[in-house]
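This report concerns only the one structure given below.
The values are calculated or read from the model by the stated rules, or taken from the named source; none is laboratory data. Since the structure is predicted, the reported quantities are computational estimates derived from the model, not experimental observations. Reconstructed Cβ throughout: ideal geometry from the backbone, glycine too, with neighbour counts over all protein chains shown. Note: accessible area is taken over every heavy atom of the protein model, side chains too, but ligands, DNA and RNA are not part of it. Shrake-Rupley method; radii C 1.70, N 1.55, O 1.52, S 1.80 Å.
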Amino acid sequence: MTTPSFESLSVGDEIPSLTTEPVSRLTLALYATGSGDHHPLHLDQDYVRSKGIKDVFAHGMLGMAYLGRQLTQWVPQEAIRSFGVRFTAITQVGERLVCTGKVVEKLERDGEKCVRLELTCANEHGEAKHKADAVVALAG
């Protein structure tokens, strides 16, 4: 990974995107095991049907994890100063997620040169599932 420098970036620059494989039931089972979130909404088709829902759906935090992966493939984890995510829509089984981001501000915070990013995790049709904001510190 080559970390970008503060000087090399401009407002409006995009960071490298991340595209996932389609979310599968296996993805949900593995995420449930790793996260400890075994809620039946994400795993039990009989349960969700009894609630009038067609199928299980992804954990909200799964999309956040993909955005975190996108961010840490661009800068080292220790460069992240803040990372907040808002969930905007349910991710269905079979959807491929595309994480994108762009620089929206260059600033100095606590003596560090930083950029603020807006990130989006959307399905392949462009429906936003998560909106995020992050601040990362970069060398000059």
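Cβ-Cβ distance below 9 Å, separation of 6 or more or different chains: which pairs start in the stretch 79-94 with a residue that is within 20 Å of H125 (Cα to Cα) and at pLDDT 95 or above and end on one that is small (G, A, S) and open to solvent by 40 Å² or more (accessible area, probe 1.4 Å)?
Pairs found: V93/S24; G94/S24.
I'd like to verify a number: residues in the stretch 115-140 that are under 17 Å from D13 (Cβ atoms) and under 20 Å from the mean Cα position of the chain (by Cα), how many?
Counting residues in the stretch 115-140 that are under 17 Å from D13 (Cβ atoms) and under 20 Å from the mean Cα position of the chain (by Cα) gives 12.
Could we say that A122 is without any contact (Cβ under 8 Å) to a residue 40 or more places away in the chain, out of contact with any Ser or Thr (no Cβ under 6 Å at 6 or more places or on another chain) and open to solvent by less than 40 Å² (accessible area, probe 1.4 Å) here?
yes
So which residues in the stretch 125-139 are on the phi > 0 side of the Ramachandran plot and open to solvent by less than 30 Å² (accessible area, probe 1.4 Å), if there are any at all?
none
Can you give me the number of residues within the stretch 125-140 that are modelled with pLDDT of 95 or more and not in a strand (DSSP E or B)? Quick ask: steps written out before the conclusion?
Residues of the stretch 125-140 modelled with pLDDT of 95 or more: 125-138.
Subsequent filtering for residues that are not in a strand (DSSP E or B) retains 125-127, 138.
Residues that pass the stated criteria total 4.
Taking helices (runs of 4 or more DSSP H) that do not extend beyond the stretch 1-113, which have at least 1 residues that are surrounded by fewer than 11 Cβ atoms within 10 Å (Cβ to Cβ)? Please lay out each step first, then the result.
On the way: elements: 25-35, 45-50, 60-74.
Helices (runs of 4 or more DSSP H) meeting the threshold: 25-35, 45-50.
Among the residues of the stretch 114-124, how many are closer than 16 Å to T20 by Cβ and not in a loop (DSSP other than H, G, I, E, B)? Quick ask: steps written out before the conclusion?
First pass over the stretch 114-124, keeping only residues closer than 16 Å to T20 by Cβ: 119-124.
After this cut, where a residue has to be not in a loop (DSSP other than H, G, I, E, B) as well, the list is 119-123.
Result for the stretch 114-124: 5.
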